[in-house]
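Novice: Just dropping this structure here.
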């Protein structure tokens, strides 16, 4: 299973906003330059995150983007779900109800369900604040 650039770049952009949390809006250009993401692609991602309520934008000379919540309250799993949809290795485990007529006796579905639960557990256990704290420990900023 491989995450798309939507998720990877979205998490990087959100990290950038989290690292500057409380310091006012950050420009699209600044985020793009710092994270090596094209401005036009980044803008598409930020629209999705804004529509979901994780970030807000402001216009003008002092405008830009900022988080709407404290970084400790935003989980990586939330960001990925907004940008990708459900976290699941196969369609049949997105919900308990499935169209597959073999679901009740499918051994592989049990494996995919376990993979899904593990992925969700890890991604939901990490917050943007955790990322910022790890970055400080590595002197990444």
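Bear in mind these aren't lab numbers, they're just calculated from the coordinates by the rules spelled out. Computed from a predicted structure; not experimentally measured. Cβ atoms come from the backbone with ideal geometry, glycine included; neighbour counts cover every protein chain shown.
Novice: As a test of understanding, state the convex hull volume per residue of the chain from its alpha carbons, in Å³.
Specialist: Values: hull volume 17.0 nm³, N = 141.
Looking at the chain, the number lands at 121 Å³ per residue.
Novice: Separate question: Arrange 82, 74 by Cβ neighbour counts within 10 Å, fewest through most, would you?
Specialist: 82, 74
Novice: Between the range 112-134 and the range 1-32, how far is it from one alpha carbon centroid to the other, in angstrom?
Specialist: About 17 Å separates the Cα centre of the range 112-134 from the one of the range 1-32.
Novice: Tell me the mean residue ellipticity at 222 nm calculated for the chain from its helices only (DSSP H runs of n ≥ 4, each -39500 (n - 2.57), averaged over every residue, nearest 500).
Specialist: Numbers: 6 runs with 75 residues, N = 141.
Computed mean residue ellipticity for the chain: -16500 deg cm²/dmol.
Novice: Over 12 Å apart: what share of the alpha carbon pairs of the range 76-118 falls there, rounded to a whole percent?
Specialist: 60
Novice: Let me know the Kirkwood hydrodynamic radius for the range 31-98, please, with Cα pairs as the basis and the value in Å to one decimal. Don't skip to the answer; put the middle values down first.
Specialist: Numbers: mean 1/r = 0.0717 Å⁻¹.
The Cα-based Kirkwood calculation yields 13.9 Å.
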